[in-house]
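Data block below; observations after.
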Amino acid sequence: MIVRMWHGRVPRGMTKKYREFLRARAIPDYHAIPGNLGVRILQRRDGDVTHFVTMTEWTDLEAIRAFAGPHPELAKYYPEDTEFLLEFEPTVVHYDVVGSSAPGAL
């Protein structure tokens, strides 16, 4: 299993709208790709901004390519992201999962 991690920041006043966007648009998009095993979205407030970390779980790199395109290390953005994000980090980070307490994860 591979975990793909992306980070983004939104103005604090946009937190609720961005969270709603993620639930309505991004999460279903992840789930629609064969090989997606799950999505977790983390949120942390820091002064006037809110940090979001999206952690998606995938069976393999080919499944990630089906989602992200031929260069899986590049971040994937939606047109709507321009309404929310303070910047567009160009890359994501991938981790091989080598241990988990989730039933059936390994």
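Computed from the coordinates by the stated procedures, all read-outs in this text should not be read as laboratory data. Because the structure is predicted, anything quoted here is derived from the model rather than measured. Every residue, glycine as well, gets a Cβ built from its backbone with ideal geometry; the counts of neighbours run over all protein chains shown.
With respect to residue 37, determine if the residue is surrounded by 12 or more Cβ atoms within 10 Å (Cβ to Cβ) and closer than 17 Å to residue 5 by Cα. Against the criterion (surrounded by 12 or more Cβ atoms within 10 Å (Cβ to Cβ) and closer than 17 Å to residue 5 by Cα), residue 37 qualifies.
Take residue 69 and tell me if it is free of Cβ contacts under 8 Å to residues at least 60 places away in the same chain and at positive phi. Yes; evaluated as a whole, the condition is true for this residue.
Looking across 84, 88, one residue alone is among the hydrophobic types (A, V, I, L, M, F, W, C) and loosely packed, with under 12 Cβ neighbours inside 10 Å. It is 88. Residue count for region 1-34, restricted to those that are among the acidic types (Asp, Glu) and surrounded by 12 or more Cβ atoms within 10 Å (Cβ to Cβ): 1. Residues of region 36-61 that are among the basic types (Lys, Arg) and in contact with a helix residue (DSSP H, G or I) (Cβ under 8 Å, 6 or more places away or on another chain): 45 alone.
Among the residues of region 62-75, just one is under 15 Å from residue 1 (Cβ atoms) and either exposed (fewer than 14 other Cβ atoms within 10 Å of the Cβ) or among the basic types (Lys, Arg) (or both), namely 62.
In region 15-52, the residue that is nearest to residue 89 (Cα to Cα) out of those that are in contact with a Ser or Thr (Cβ under 6 Å, 6 or more places away or on another chain) and among the hydrophobic types (A, V, I, L, M, F, W, C) is 41.
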